[in-house]
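Trainee: One structure coming up, written as structure tokens, with questions to follow.
The values are calculated or read from the model by the stated rules, or taken from the named source; none is laboratory data. What you see is a predicted model, and the numbers here were worked out from it, not measured in a lab. Note: ideal-geometry Cβ built from the backbone for every residue, glycine included; neighbour counts use all protein chains shown.
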Amino acid sequence: MKKYLILILTIYSLNIYSQAHIGAMGGYNLDNDKTQVGLGLNYMLFPKISIGAMAMITPFEDGSGDDYMIMYNAKYKLGKFTLVGGLMDMKMGNSPNMNMDMNMNMNMDMNMDGTDPYFGIEYKPFKNKMLKVYYNHSDMMKSIGIMMPILHIGKKMNHDMHMNHDMSKDQDCDPNC
């Protein structure tokens, strides 16, 4: 019985602040001059802490169509800025330009796979708009771009944690408020 109670309380406590965001992003890889588009999902654990994942592809460049990355992250909100850290799993497919630069002694598929930690920063330039500008940095890539939420799932929260001081005349008010 205690295990069920602990499980129910844990699920309930995570749902107090629960809110999920699904968003679209577009960016530019500064290392190899490629355009990227992606889709992300973030789950807000607390008002300032969220975890999430995103998938980005490079659909427009070099015709390979195999370039993609999956990023797992944790975010901490500091006013208009958000600090991001996580793991990036990247796969770069075959490209005619890459094969010229690779070692010709290898007799196998020239895929560059790898998992690497990354960090980043997001900036929300407008107070009432959800548009964000991001920069991600790792050994595999450096990218800059914009993000825009598409869908919000969950409870509406006041992220600033200010009290509502709208008092109607039907409510009693303490003289010290």
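Trainee: With the checklist (1) surrounded by 14 or more Cβ atoms within 10 Å (Cβ to Cβ); (2) modelled with pLDDT of 90 or more in hand, flag the one item Met141 doesn't pass.
Mentor: (2)
Trainee: Can you tell me which of (1) at pLDDT 90 or above; (2) loosely packed, with under 13 Cβ neighbours inside 10 Å; (3) hydroxyl-bearing (Ser, Thr, Tyr) is the one Tyr12 doesn't meet?
Mentor: For Tyr12, the exception is condition (1).
Trainee: Confirm whether Pro175 is modelled with pLDDT of 85 or more and loosely packed, with under 13 Cβ neighbours inside 10 Å.
Mentor: no
Trainee: Taking the stated definitions as given, is Tyr68 crowded, with 17+ Cβ neighbours inside 10 Å, modelled with pLDDT of 75 or more and more than 18 Å from Val133 (Cα to Cα)?
Mentor: For Tyr68, the condition - crowded, with 17+ Cβ neighbours inside 10 Å, modelled with pLDDT of 75 or more and more than 18 Å from Val133 (Cα to Cα) - is met.
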